Amino acid sequence: MLTTGNNGDWLEIDGLHLQRGGRSVLQGVDLALSGQAVGLVGVNGAGKSTLIGAMLGVLRAEQGTISILGLDIPIRARELRTRSGVMAEQAGVYPGGSGVDAVCFAGEMSGLGRRESLRRAHQALDALDVGEERYRPTKGYSTGMRQRCKLAMSLVHDPELLILDEPTVGLDPPGRLQLLNLIKDLRDGGRRILLSTHIMQDAEHLCDDLILIEAGVITFAGPVSRLVDRSSSRLIAEGSGLDAEFAATLTAAGIQVLNHTEQRIEFISHGNDDLALFWRIAGERGAELRRLGCDVVTLEDAVVDMMEADHG
Amino acid sequence: MMRSIRIALLSYLAPLASARATRMTCVLMALLLMLVVTGRLTGFLPPTAFINIADSLILYGIPLFAVLLSEMSLRDGITHRTLLYPLLGPVSRTTIAVTRTLATGLLLFVSATLTLICVKVLGELSWSIFPQELAALFFGSIAYVAFFGLIHAVNSKALIISLCVFTLFDLPVGRLPFTMRNLAPSFHLRVLSDKIDSISIPVMMDVSDPSLFFSAMVMVLVTIVATTLTALLFSRRNLVNLC
């Protein structure tokens with residue numbers, strides 16, 4: 001079964017143009033990604049849902065090609081929809097009834113028989129830690145429970161690709177983290193994930209690759225590591241004796257110094273070895289440190305920096 | 001194929017009870033039945049009134065209920081986003097459009113048949129032409145739902161347009177005493193239910209005798225053409241409201 005393109009890329013888009021109501025919403029989208037989890041990030045109205053609609057064949061592009069799991073869209077969109085589960089932001093828990101009814105219905109919608117759907121509905125709800133609440137009417141569900149139920153609906157037919165459109169929207173921080181961890185478990189279990197979100201921390205938490213979309217234009221598509229280097233961090237030391245000579249000693253020892261004054265020095269640490277070296281040199285030179293802090297560059301910082309750079 | 005039809009049908013039936021059109025149809029049919037029951041029990045309706053009610057149900061009820069119910073084929077699913085589920089499933093848009101249109105037609109046929117049976121029982125009406133009336137209800141239901149469904153597929157103000165088409169074109173043309181009446185589905189509904197009634201005009205024109213077979217074929221043709229066009233339009237449409 002062909003699931004990826006020539007370079008291991010399972011998501012390939014080439015020159016995609018799409019209009020909505022006469023307005024150009026996607027303009028020349030080009031990307032090829034292979035990460036287990038791909039984040040589609042952008043502000044509200046950037047074109048994320050439109051891009052997902054085009055990927056699923058619900059929206060038709062004027063120009064360009066899309067290939068997902070090696071399937072050309074929209075020609076083989078039906079096959080893709082069989083092999084993927086979609087948690088759509090716009091869709092509610094449908095058609096009502098209890099949680100298990102809704103998940104069972106989703107199973108039947110994906111082509112499973114009634115009994116098999118019911119069996120798998122319980123399995124999916126078990127996997128998402130939904131207990132006795134599954135028998136309660138979905139109308140009374142909290143936002144977190146509703147999102148879990150929607151996730152179970154997208155999972156019930158055991159898809160190899162999960163397309164999640166704003167899964168954490170409306171959740172409180174603990175609920176958000178809980179749901180993200182559930183999705184992470186699904187990713188670690190071997191499923192490919194396409195996560196559309198406007199919350200950068202969600203993408204950072206889950207994704208290997210990132211698509212950044214701004215006003216219908218892809219401004220970045222590639223590994224998250226190209227934006228955020230998780231293997232290093234910027235450290236800031238404050239105290240006395242942090243002079244130019246101290247900085248030169250650090251540089252000579254192989255530590256990258258970013259800038260320094262008499263009282264303050266900023267350097268890059270690639271782990272405990274660099275930190276141990278820093279402490280040794282500080283001790284040898286008699287530097288007195290009052291504070292040593294770590295300035296972590298988050299994905300959000302990197303994306304904001306990039307957006308600002310793009311806008312001049 | 002059967003699996004696709006089952007999925008499309010399930011997604012159609014699931015929100016049926018909550019659809020506005022279903023509620024309105026149920027209320028109107030219930031009012032009609034209440035009128036018949038009250039008339040029967042109190043005796044304020046003369047025996048001929050029951051005949052008129054039965055005739056009106058076929059000749060006017062079917063098109064008017066079709067105007068209401070045809071909204072449920074596709075428009076209602078787009079408005080309330082319930083169509084998103086079958087669209088995200090392994091079903092083609094053509095299957096969705098055809099299945100939902102025909103299911104709506106059958107729904108109208110079943111509910112109208114039940115109402116007609118109640119009227120006939122309560123009014124103690126003759127059952128001699130019931131098979132013909134049943135054929136009129138069947139062909140009329142699917143043809144009108146398909147026809148008005150097509151209007152819903154091309155225009156968002158389909159309710160008003162459908163009513164205008166029925167009252168300003170279909171009804172008057174269907175009662176003309178010359179061949180042009182063949183263009184109106186209402187004429188064929190009259191032929192099928194054996195209730196032909198033409199307006200009197202001072203000009204005499206040659207007109208061929210109506211045929212049950214011909215009228216049934218016209219209604220089938222209307223159903224096929226309208227359903228095909230609806231499916232074609234739906235397949236090519238960018239469903240922006242759903243994304």
Inset, instruction - Please go through segment A:34-70 and pick out each residue that is among the hydroxyl-bearing types (Ser, Thr, Tyr) and more than 22 Å from B:LEU233 (Cα to Cα). - result: A:SER34, A:SER49, A:THR65, A:SER67
Inset, instruction - Of the conditions (1) in contact (Cβ under 8 Å) with a residue 60 or more places away in the chain; (2) within 14 Å of another protein chain (Cβ to nearest Cβ), B:MET2 clears all except one; give me its number. - result: (1)
Inset, instruction - Report whether or not A:LEU56 is within 11 Å of another protein chain (Cβ to nearest Cβ) and either in contact with a Lys or Arg (Cβ under 9 Å, 6 or more places away or on another chain) or buried (at least 20 other Cβ atoms within 10 Å of the Cβ) (or both). - result: yes
Inset, instruction - Among the residues of segment B:1-38, count how many are more than 21 Å from B:GLY77 (Cα to Cα) and buried (at least 19 other Cβ atoms within 10 Å of the Cβ). - result: 1
Legend entry - Only one of A:LEU180, A:LEU210, A:LEU194, A:LEU206 that is under 25 Å from A:HIS122 (Cβ atoms), among the hydrophobic types (A, V, I, L, M, F, W, C) and under 11 Å from the mean Cα position of the chain (by Cα): A:LEU180
Legend entry - Candidate set: segment A:258-290, residues that are of a type in the set (D, E, K, R) and in a strand (DSSP E or B); chosen: the one surrounded by the most Cβ atoms within 10 Å (Cβ to Cβ): A:GLU266
Inset, instruction - Could you list, in sequence order, all residues of segment B:92-117 that are crowded, with 17+ Cβ neighbours inside 10 Å and of a type in the set (A, V, I, L, M, F, W, C)? - result: B:ILE96, B:ALA97, B:VAL98, B:LEU102, B:ALA103, B:LEU107, B:LEU108, B:PHE109, B:ALA112, B:LEU116
Legend entry - Pair list, Cβ < 6 Å and 6+ apart or interchain, from segment A:161-188 residues that are among the basic types (Lys, Arg) to residues that are surrounded by fewer than 20 Cβ atoms within 10 Å (Cβ to Cβ) and at pLDDT 85 or above: A:ARG187/A:GLN36
Inset, instruction - Scan segment B:107-128 and report the pairs whose first residue is among the aliphatic types (A, V, I, L, M) and whose second residue is surrounded by 17 or more Cβ atoms within 10 Å (Cβ to Cβ) and not in a helix (DSSP H, G or I), with Cβ atoms within less than 8 Å and a gap of 6+ or a chain change. - result: B:VAL119/B:LEU125
Inset, instruction - Kindly list the number of the only condition in (1) out of contact with any Ser or Thr (no Cβ under 7 Å at 6 or more places or on another chain); (2) more than 14 Å from chain B (Cβ to nearest Cβ); (3) among the aromatic types (Phe, Trp, Tyr) that fails for A:PHE105. - result: (2)
Inset, instruction - Grab the helices (runs of 4 or more DSSP H) fully contained in segment B:61-159, keeping just those with 3 or more residues being within 15 Å of the chain's Cα centre (by Cα), modelled with pLDDT of 90 or more and more than 17 Å from B:LEU232 (Cα to Cα). - result: B:62-69, B:93-123, B:130-154
Inset, instruction - Could you list, in sequence order, all residues of segment A:214-236 that are part of a strand (DSSP E or B) and within 13 Å of the chain's Cα centre (by Cα)? - result: A:ALA221, A:GLY222, A:PRO223
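The values are calculated or read from the model by the stated rules, or taken from the named source; none is laboratory data. A quick note: this is a predicted structure, and the numbers were derived from the prediction, not measured. Every residue, glycine as well, gets a Cβ built from its backbone with ideal geometry; the counts of neighbours run over all protein chains shown.
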